[in-house]
Structures are given as C-alpha cells and as structure tokens.
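The values are calculated or read from the model by the stated rules, or taken from the named source; none is laboratory data. Quick caveat, the model's predicted, so the values are computed rather than measured. Backbone-built Cβ (ideal geometry, glycine too); neighbour counts: all protein chains shown. When the accessible area is computed, the model is the full protein with side chains, heavy atoms only, and any ligands, DNA or RNA have been set aside. Shrake-Rupley method; radii C 1.70, N 1.55, O 1.52, S 1.80 Å.
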Amino acid sequence: MAGAGGQLDVSAVVAAVEVLHNPREAKATRQQAHDLCESVKADDGAAFSCAAQLVVPAMPYPVRHFGFQLYEHLIAKRWNSLSDGSKQQMKEVSLQIIGQGTDQSMLTEPHFIKEKAVQVVALIAKREWPHGWPNLFAELTRLSQTDDAHCELAMLVLRGIVEGLFDESVSDGRRNELLVTLNNEIPALYAFCFQVLQGNFVKFNAAPAGSDEQRKAKLLVTATLQVFEAYAPLSSLPVICECGILEALHALLHRPEFRETANAVLLAVTSKKTKDAPAPAMCGLVSAILDSCRGGLLQQTDYDFHKRLCMALTELGANHYYSISGQDAVRDAYLELMASFTNYHSLYVSALTTPFWRSLLDSIAADANSPRMPANVHGMLLNTLVEKLGNKPGTEEDQDCEDEFADKEEYARFWGQAKAKFLEIARKLSGAGPLEAVMFVGSRWQQALQSLVEAVSGGGELG
C-alpha cells in the first residue's frame, strides 16, 4: 500500500491523539488535532502506513487504539476498492498484530486493546473467509498453540467473526455463505474449543490461588466460554450436546469465577427454538442442575445468579420440555424447581417463569395424552399465584429487583403486567386440573372459616 500523501509525520499524529484525550486542552487545539486525524483516515496509503507504526506495543494505549481504528476504517470503508495485493498484505498484517502478544502482556494488556486488535482479523474474515482466506482457521489454531496469550487472542478472533453477523453491514448473500461454511466447521471448532476449555479449567483448579498461572487460566476459560456462547445460536443442539459443553457447564456453575459466563452459555443453548434436543443430554443437564440445587447451590449464590438461572431454565422448559417430559423423576423435580422460582420473593424473578407455565399448560390443554402436572406442584403453584395476586407492589421483599426498574412508576407498571400474567396462568391452571382447583378453593375456604371461628372463640369482633 503506497501512500498518496507524501511523508507523514507520525509523531504529529501521536501528539494529536494525546491532545484529543486531554480534556484540559483548548477547544481550538482539540479541533486541529481532530482535523489531522481525519485527514489521515482520508488517505488510504497514509492510514495504512501510520497504523502500522501506531499499534506497536511501545505506544500509549490511546494511540494504539487509534491505530486499530485506522485499520478498521480501511477494512470497513475501503475494502472493496483495495487491490488484491493490498488485501493480502492486510491479512498478513492482521495476523502479525495479534502475533505480537506475550504471556506477560496477557495479564497487563487492557481488554479494550485486545478487542480492537482482534477486530482487525475478524472484520477481514467476514469479507474474505473462506474463499479468500482458506487457511484462516489453521492459522488461528497454530497461533493458539504458541502460548496462552496467543490462545486467548485466537479465541477472541473466533468470537469476533460471528458477532454482528446479522447486522445490516453484512449482505444476505455473504451472511448465508458464512453460515453454510460455519455449519461445516463447527464440530471441529467445538472440539478444539472444548479441549482448550477443559485443559485450562484443570490448570485453574491446580494453580495456587491468585497466581499468574491461575489468572491466565481464568482468562482462557472465560474467552472460550464466550466462543461457545457466540456460536450456540448458529449450531444444532445435537452438535452442541456432543462436544461435552453441557457437562462442563455443570462444573463451571459451581465456581464463582465462571458462574456468570457459564450461565450466559446455558441461556444461549436453551434459548434455541428448535426441536432437535437430544433427550439424554438435556435430561442429564437438568438432573445435574437439580442435584446442585438440592446440594445448596441456590443458598450459596445471590439474586443475580438466581435470576439468570431462572431465565435459562424457563427457556429450557418453554423450548425443550419435550426432551425431559418422558423421564418422570426429572420432569417432576424440574416442575417443582420452577414452581419454587415462581414463589421467589422477587416479583421480577417470579414473572420470568410465566412463559414456561403458559407453554406447558397450553400443551396439556391441546394434548390429552401429555403428562399431567403432579398434584403437589399444581397446589404449590396455584397457592403461589393467589398469594402473588393478593400482594401489593412496593413491599420490602422486592428490594432485590430495585435495579431492574428506573423508578417506582416503572415498577408499578411492571407489577400490573405481572398480575395479568399470573391471573392468566391461574386460569389455565384451574382448567388443566379442575378437581385440584376445587379442592384448593375448598381448603382456602376451610382456612378462612377456621380463622373466623378462632376469632369468635377468642372474643374477637366481626365486621
């Protein structure tokens, strides 16, 4: 890429970037710095030459960030006008950029710099892979085997390739081409990622607490989980289940360091609207989660974890209940857990479960041969719904979900919407088990009469 704008004073660009990041500079000075940076972007040759000098590790972080922005600008705005030779040069440069990482920089390099570096590779991949860059995955695999730092960057690139795949910037034809190719590559990709995940989880557990080795292993486990989260919506459930990730999620949910990311992967998997979930794998996953909950997982975790787990289990039930409905013990224990989430003290978590109950009760109403809801779950759920409908918004028990709403008015609106959902589920529940509903109403009347008798016997007043 030859520059069209003559010799460029890179030191002036560095100074301009530093001015832009200094809020104490005068407005006129900042405008001059902005104009200089924009003039560099406008000249393809100058932008390419300048970027190569700005992204080196010795430069300050804001300067490196601008250097990566120059590369992104060339790829996003100018790619189609570049010559084949220039495109090939950009591919080579992008791999050289992520090849600059070191084991030490893995722990010290800010995450936003890593993300910017890998975006250069990911943006080119979205335009060139597979036909124009057939050896990309082989290059990333080779890079990942160099050391931990390069392995992390390879994982970030893999995630970056599919992020934004459904944005308007990607044409339908190009998106379909990528999806077809990815569908063929995903089994091998999952096998590779699972190997990285498994190896580094073992390293994390074996390393001394707080050591550099443990911190590196944590970064790699997290980065690999994020790859699974990004690719899950694009792959079939049989492929996901075969790679071993579901079993791994159970172990990861027990580690505070990985719970949030593992829960995100679980949600991505259970949110798939397909009907190809293998029953053994899904039953195994649900059984493992149920065992963990019985073992005290919910008591050891906080509201945020409960909310995310409830979201994932609700999606599992709404989308894949068919995969566990044939196993009586698993199905009934799952229903009990979901009923306990409906009975959760936070209204927000309770309301999260309503899509599952609606889906389940609709399927029971539509198919006389579908498994009936256990009587204890029916009674527990109906009692919870009646109690929720009788409560007023603003109780102290709802303090956990304060961050979910901007103000009390928004919470009050949500309460009104949740009340309508609870009422709908209560009606469907009564229709699915009319005898149980009559017995429930009778028991409530009996309780009310007993309270009345006790009040009268104790000298209380009526009225």
- Item | Criterion violated by SER11 - all others in (1) assigned to a loop (DSSP other than H, G, I, E, B); (2) polar (S, T, N, Q); (3) open to solvent by 60 Å² or more (accessible area, probe 1.4 Å) satisfied | (1)
- Given segment 198-311, what helices (runs of 4 or more DSSP H) lie entirely inside it while holding 2 or more residues that are over 30 Å from LEU179 (Cβ atoms)? 212-231, 279-294, 297-300
- Query: Only one residue in ALA368, ALA318 is in a helix (DSSP H, G or I) and either closer than 30 Å to ASP276 by Cβ or in contact with a strand residue (DSSP E or B) (Cβ under 8 Å, 6 or more places away or on another chain) (or both). Which one?
  - Reply: ALA318
- Could you check, for segment 406-426, whether at least one of its residues is open to solvent by less than 20 Å² (accessible area, probe 1.4 Å) and without any contact (Cβ under 8 Å) to a residue 60 or more places away in the chain? yes
- Task: Under 7 Å between Cβ atoms, at least 6 apart or on separate chains: pull out the pairs that start in segment 134-163 with a residue that is closer than 24 Å to PRO233 by Cα and end on any residue that is in a loop (DSSP other than H, G, I, E, B) and open to solvent by less than 10 Å² (accessible area, probe 1.4 Å).
- Result: LEU136/TRP129
- Message: Condition first: β-branched (Val, Ile, Thr) and open to solvent by less than 10 Å² (accessible area, probe 1.4 Å). Now tell me which residues in segment 314-349 satisfy that.
- Response: THR314, ILE324, THR342, VAL349
- Message: Among the residues of segment 239-258, what is the count of those that are open to solvent by 30 Å² or more (accessible area, probe 1.4 Å) and not aliphatic (A, V, I, L, M)?
- Response: 7
- Does segment 350-363 hold any residues that are open to solvent by less than 20 Å² (accessible area, probe 1.4 Å) and under 19 Å from VAL286 (Cβ atoms), and which are they? THR353, PHE356, TRP357, LEU360
- If you go through ALA368, ALA333, ALA375, the only one that is without any contact (Cβ under 8 Å) to a residue 40 or more places away in the chain and out of contact with any Ser or Thr (no Cβ under 7 Å at 6 or more places or on another chain) is ALA368
- Task: Write out, first by first residue and then by second, each pair whose Cβ atoms fall under 6 Å of each other, whose residues are 6+ apart or on separate chains, and whose first residue, in segment 308-321, is more than 12 Å from VAL265 (Cα to Cα) and basic (Lys, Arg) while the second is open to solvent by 10 Å² or more (accessible area, probe 1.4 Å) and at pLDDT 95 or above.
- Result: none
- Query: When you look at ALA281, is it aliphatic (A, V, I, L, M) and either more than 29 Å from SER370 (Cα to Cα) or out of contact with any helix residue (DSSP H, G or I) (no Cβ under 9 Å at 6 or more places or on another chain) (or both), yes or no?
  - Reply: no
- Task: Kindly indicate the residue of segment 170-191 that is hydrophobic (A, V, I, L, M, F, W, C), closer than 18 Å to PHE228 by Cβ and open to solvent by 40 Å² or more (accessible area, probe 1.4 Å) and also modelled with the lowest pLDDT among those meeting that condition.
- Result: LEU179
- Task: Inspect segment 27-48 for any residue being modelled with pLDDT under 95, touching a Gly at 6+ places or on another chain (Cβ under 9 Å), in a loop (DSSP other than H, G, I, E, B) and open to solvent by 60 Å² or more (accessible area, probe 1.4 Å) and give the result as yes or no.
- Result: no
- Exactly one of LEU267, LEU298, LEU234 is more than 30 Å from ALA206 (Cβ to Cβ), aliphatic (A, V, I, L, M) and open to solvent by 20 Å² or more (accessible area, probe 1.4 Å), and that residue is LEU234
- Could you figure out which of (1) open to solvent by 10 Å² or more (accessible area, probe 1.4 Å); (2) among the β-branched types (Val, Ile, Thr); (3) touching a residue at least 24 places away in the same chain (Cβ under 8 Å) isn't true of VAL202? (3)
- Task: Considering only segment 218-228, state which residues are in contact (Cβ under 8 Å) with a residue 60 or more places away in the chain and surrounded by fewer than 23 Cβ atoms within 10 Å (Cβ to Cβ).
- Result: LEU219, GLN226
- Selected residue (criterion: farthest from PHE137 (Cα to Cα)) from residues of segment 169-193 that are in contact (Cβ under 8 Å) with a residue 40 or more places away in the chain and outside any helix (DSSP H, G or I): SER169
